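Below is one structure, written out as structure tokens; comments come after it.
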Amino acid sequence: MSAETPAAAPGQFTHRRQQFRAWRGTRPFWAGLFVLLGGVPIMYFPYAHLQFGHLTLAMATTAGAGSLIIGVLLIVLGVSLWFQKHVRTFAGVAAILLALVSIPVSNFGGFVLGFLLSLIGGAMAVAWAPGATEQPEPAAEAAPATGEVPGTAPDKGDAGFAPLSHQGTDPVSTNDLSGTSPANGANGRHSAG
């Protein structure tokens with residue numbers, strides 16, 4: 001290969017990865033992932049039977065149904081954060097509340113793991129804000145000619161514009177840009193038509 005060899009066109013994997021990255025950037029993806037992952041241990045541990053050699057440790061509690069409901073709701077909230085980003089505030093607050101309820105209901109919130117994941121994901125969902133759309137940058141202004149002050153319009157002469165020094169000495173007429181001063185008779189009231 002030499003320096004003149006053209007770069008290979010991006011493959012299908014690269015194209016899909018860039019599409020996923022663009023999709024992920026327009027929604028609270030990580031918040032949804034944390035909430036979804038927080039629901040799994042909350043839902044799993046009350047029904048789990050852990051094996052340590054010949055010893056079986058059953059975590060089943062009387063609140064197994066409550067744990068299942070909380071876990072499923074957290075998973076649904078996580079998926080809804082991905083696909084319906086306009087419900088992010090509701091889903092985030094609901095995830096935080098469900099995480100707090102999971103502490104007494106489901107084995108200390110899935111042994112604190114599900115509680116923490118859901119709590120962090122809910123907070124991220126509430127705090128997420130859509131990014132600003134990219135605006136094309138305006139063209140740079142030309143440098144002012146010598147003798148002119150930057151940021152001021154050049155003197156138009158006879159084009160209908162008078163310099164500020166010729167507008168009169170009344171400070172109300174030169175400084176009031178609201179159009180509602182007693183000098184022009186508006187007296188702070190606007191007419192609708």
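The values are calculated or read from the model by the stated rules, or taken from the named source; none is laboratory data. Not measured: the values here are computed from a predicted model. Here Cβ is always computed from backbone atoms with ideal geometry, including for glycine, and neighbour counts include all displayed protein chains. Ligands, DNA and RNA are stripped out before the accessible areas are found, and what is left, the full protein with its side chains, is counted by its heavy atoms. Shrake-Rupley method; radii C 1.70, N 1.55, O 1.52, S 1.80 Å.
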Probe 1.4 Å, all chains present, heavy atoms only: F83 accessible area in Å², nearest 10, is 140 Å²
Using θ = phi - 60° and the Karplus form 6.51 cos²θ - 1.76 cosθ + 1.60, what ³J(HN,Hα) does each residue of the stretch 43-54 get, whole Hz, x for Gly and Pro?
-> 7, 7, 4, x, 10, 7, 10, 7, 9, 10, x, 9
Which residues' amide hydrogens lie under 5 Å from the amide hydrogen of V112, considering only partners 5 or more residues apart or on another chain, with H built in the peptide plane?
-> none
Just the Cα atoms of the stretch 90-131, one point each, no solvent: what log10 I(q)/I(0) does Debye give at q = 0.28 Å⁻¹?
-> -0.84
Contour minus end-to-end for T133 and H49, with contour as 0.36 nm per residue of separation and end-to-end as the Cα-Cα distance?
-> 25.2 nm
With the Cα gyration tensor of the stretch 60-130 giving a ≥ b ≥ c as the square roots of its eigenvalues, does the rule (a/c under 1.5 for rounded; else a/b larger than b/c for prolate; else oblate) give rounded, prolate or oblate?
-> prolate
Would you check the accessible area of H15, probe 1.4 Å, heavy atoms only, in square angstrom rounded to 10?
-> 90 Å²
Enter the accessible area of T89 (Å², nearest 10), with the probe set to 1.4 Å and all protein chains included.
-> 70 Å²
Just order 125-132, 73-80 by mean Cβ neighbour count inside 10 Å, highest at the front, would you?
-> 73-80, 125-132
